[in-house]
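Structure first, then comments.
The values are calculated or read from the model by the stated rules, or taken from the named source; none is laboratory data. Given the structure is predicted, the values throughout are model-derived calculations rather than measurements. Every residue, glycine as well, gets a Cβ built from its backbone with ideal geometry; the counts of neighbours run over all protein chains shown.
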Amino acid sequence: MPIGPIQLLQQATTEQRRTLLAAALGWMLDAFDAMLYALVLTHVMRDLGMSKATSGLLYTLTLLASGMGGVLFGFLADRVGRKRALMLSILTYSICSFASGLSTTVLMLAVFRFILGLGMGGEWNTGATLVAETWPDEFRAKAISMVQSSWAIGFALAALVSGIVLRYANWRYVFFVGILPALITLWIQNRVPESQMWQEHHRLAQDSKRVAEAQQKYDHDSFLRIFGRPYLKSTLALLFLNFFGMFGWWGLFTWLPPYLSLPVEQGGRGFGVMGTTTLLVVLNLCGMFPGYASFGWVADHLGRRRAFMLYTFMAALLVPLYAMARSPGTLLVLGTVVAFFGTGMFSGSGIIASEIFPTRLRARALGFTYNGARTLSSVAPYVIGRVGQARGLSWAFYLCGAGFFLACLMATQLPETKGRSLE
């Protein structure tokens, strides 16, 4: 009999609930810090004299760094543990968010956003791996979807905070608020358990007579095996699925706040600060959040591959319609549905990757296929900014729809892993 989120949490152990909460809070606050830039972008462009292309390039640097951070923290999580890597990633993006508010030049801002991207990329795969290794097979998809849904809460919270702060202060104070997520690491340190599955594998390596040689072989094997049989096809399919989906997502949602707030004569929709804030909060809480959360239930019903195909195809169909919308009501309704399908798909990446790759490969494989895709998709904010500057943002958003369609094609190449136990 299907169960809902409340029943799922009731059936979990205390340790499972804590790992889920830690990963969800880390991902929520990752979204909070990452999206603050997009939410104050119009103000930063004016004060630092940035064009749309330069503004997009800075977000490209953040996404480029997130790919590097995913691989870096993946190795770290396999070496020192999921919990420690998760804490370090949160500290990295929180401190650099605060530092972004101190920037007086475009170069300073670019450096801080790049380092922030390292922590941003590291949080996802460490948190998803921790949950995947802690929760039982029958609840794994739903648990990871609940973690992924917290991104929408973080985005909505960022929109709300930035809207309020910008009414009374400038954009620098919005970034200063970004230091607050660092406090969550104190709770993680004291209350969240380490993955027992990782501890057992780590203990075996430590008990080896030749620890250094065993660890070197382990590191070499763990990285290269995702490119060999039987994982190569799945690695590439998941990498490019994430890449095309992220190109569509980052291209659309990086430029959505400026699109809504810029004057109509500059290619925007002319919404005020609070109008933009209200619309974004609704898109996140009524679109993104249920989209993320629902994917696990849909994937358990239809299968992982079909769920991916459904969400990406619907996003590809709806984004061009959204780009043509003009009235506030249509932008709200269509935007909510676009947010549901266009973001919900990303819950599937942690689910299917956890089930494809074994424990010795898992954190690094998740880091490569998800954050490697972030690296590839880092061109999206810049490309959409350049096209938007030349042809208008509405026209540029058609490219985002094409990205989701290509993601749908990649989904057809994935294996079906429903019901598979972790190795």
> Quick one: how many residues across the stretch 37-75 are more than 14 Å from the chain's Cα centre (by Cα), among the hydrophobic types (A, V, I, L, M, F, W, C) and within 15 Å of Trp255 (Cα to Cα)?
Replying inline: 10
>> Given the criteria in contact with a Leu (Cβ under 9 Å, 6 or more places away or on another chain), surrounded by fewer than 20 Cβ atoms within 10 Å (Cβ to Cβ), at pLDDT 90 or above and of a type in the set (Ser, Thr, Tyr), does Thr92 qualify?
In response: no
> How many residues are touching a residue at least 12 places away in the same chain (Cβ under 8 Å) and either within 14 Å of Trp151 (Cβ to Cβ) or over 19 Å from the mean Cα position of the chain (by Cα) (or both) when one looks only at the stretch 4-35?
Replying inline: 20
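If we only count helices (runs of 4 or more DSSP H) wholly inside the stretch 18-108, which ones have 2 or more residues that are closer than 30 Å to Phe357 by Cα and among the charged types (D, E, K, R)? Spell out the reasoning first.
Details: elements: 41-48, 52-80, 82-100.
Where helices (runs of 4 or more DSSP H) fall fully within the stretch 18-108 and carry at least 2 residues being closer than 30 Å to Phe357 by Cα and among the charged types (D, E, K, R), they are 52-80, 82-100.
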> Mind checking which residues of the stretch 288-306 are in a helix (DSSP H, G or I), surrounded by fewer than 24 Cβ atoms within 10 Å (Cβ to Cβ) and not charged (D, E, K, R)?
Replying inline: Phe289, Pro290, Ala293, Ser294, Trp297, Val298, His301, Leu302
>> Take the residues in the stretch 316-356 that are of a type in the set (A, V, I, L, M, F, W, C) and closer than 17 Å to Phe240 by Cα; name whichever of them is surrounded by the most Cβ atoms within 10 Å (Cβ to Cβ).
In response: Met345
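Residue by residue through the stretch 307-331, note down the ones that are more than 17 Å from Trp249 (Cα to Cα), assigned to a helix (DSSP H, G or I) and without any contact (Cβ under 8 Å) to a residue 40 or more places away in the chain. If you could, list the steps in order and put the result at the bottom.
Step one: of the stretch 307-331, the residues more than 17 Å from Trp249 (Cα to Cα) are 307, 324-330.
Restricting the remaining residues to those that are assigned to a helix (DSSP H, G or I) gives 307, 324, 328-330.
If the condition is that a residue be more than 17 Å from Trp249 (Cα to Cα), assigned to a helix (DSSP H, G or I) and without any contact (Cβ under 8 Å) to a residue 40 or more places away in the chain, then Gly329, Thr330 are the ones that fit.
Out of all the residues in the stretch 96-104, is one or more at pLDDT below 85 and buried (at least 19 other Cβ atoms within 10 Å of the Cβ)?
Taking the stretch 96-104 and keeping what is at pLDDT below 85, we get none.
No, the stretch 96-104 contains no residue that is at pLDDT below 85 and buried (at least 19 other Cβ atoms within 10 Å of the Cβ).
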> If you take the residues in the stretch 1-23 that are surrounded by fewer than 22 Cβ atoms within 10 Å (Cβ to Cβ) and in contact with a Ser or Thr (Cβ under 8 Å, 6 or more places away or on another chain), which one is farthest from Leu64 (Cα to Cα)?
Replying inline: Glu15
>> Out of Val147, Val111, I need the residue that is within 23 Å of Gly372 (Cβ to Cβ), aliphatic (A, V, I, L, M) and over 20 Å from the mean Cα position of the chain (by Cα). Which one?
In response: Val111
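In the stretch 119-134, what count of residues is obtained for those that are of a type in the set (S, T, N, Q), touching a Gly at 6+ places or on another chain (Cβ under 9 Å) and more than 11 Å from Tyr370 (Cα to Cα)? Step through it out loud before you land on a result.
Residues of the stretch 119-134 of a type in the set (S, T, N, Q): 125-126, 129, 134.
Narrowing the set further to residues that are touching a Gly at 6+ places or on another chain (Cβ under 9 Å) leaves 125-126, 129.
Adding the requirement that they be more than 11 Å from Tyr370 (Cα to Cα) leaves 126, 129.
Looking only at that region, the number is 2.
Please specify each residue of the stretch 176-199 satisfying the condition of being in contact with a Phe, Trp or Tyr (Cβ under 7 Å, 6 or more places away or on another chain) and more than 22 Å from Leu285 (Cα to Cα).
First, the residues of the stretch 176-199 that are in contact with a Phe, Trp or Tyr (Cβ under 7 Å, 6 or more places away or on another chain): 176, 178-179, 181.
Answer for the stretch 176-199, where residues must be in contact with a Phe, Trp or Tyr (Cβ under 7 Å, 6 or more places away or on another chain) and more than 22 Å from Leu285 (Cα to Cα): Phe176, Ile179.
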>> All but one of (1) of a type in the set (Ser, Thr, Tyr); (2) over 17 Å from the mean Cα position of the chain (by Cα); (3) assigned to a helix (DSSP H, G or I) hold for Ser421; state the number of the condition that does not hold.
In response: (3)
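A quick yes/no check of all residues on (1) modelled with pLDDT under 85; (2) not aromatic (Phe, Trp, Tyr):
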position	(1), (2)
Leu160	no, yes
Val165	no, yes
Trp171	no, no
Val174	no, yes
Gln189	yes, yes
Pro193	yes, yes
Gln199	yes, yes
> If you check every pair at least six apart or on different chains, which have Cβ atoms under 7 Å apart with a residue in the stretch 218-244 that is closer than 25 Å to Ser378 by Cβ and surrounded by 12 or more Cβ atoms within 10 Å (Cβ to Cβ) first and a residue that is at pLDDT below 85 and of a type in the set (Phe, Trp, Tyr) second?
Replying inline: Ile226/Phe357; Ile226/Phe368; Tyr231/Phe357; Thr235/Phe227; Asn242/Tyr370
> touching a residue at least 12 places away in the same chain (Cβ under 8 Å), of a type in the set (A, V, I, L, M, F, W, C) and more than 30 Å from Ser51 (Cα to Cα): does that describe Ile384?
Replying inline: no
>> For the stretch 34-55, give me each residue that is surrounded by 24 or more Cβ atoms within 10 Å (Cβ to Cβ) and modelled with pLDDT under 80.
In response: Lys52
>> Condition first: free of Cβ contacts under 8 Å to residues at least 40 places away in the same chain, surrounded by fewer than 24 Cβ atoms within 10 Å (Cβ to Cβ) and more than 18 Å from the chain's Cα centre (by Cα). Can you find one or more residues in the stretch 388-401 that meet it?
In response: yes
> Is there a residue being buried (at least 19 other Cβ atoms within 10 Å of the Cβ), in contact with a helix residue (DSSP H, G or I) (Cβ under 9 Å, 6 or more places away or on another chain) and free of Cβ contacts under 8 Å to residues at least 24 places away in the same chain anywhere in the stretch 106-124?
Replying inline: yes
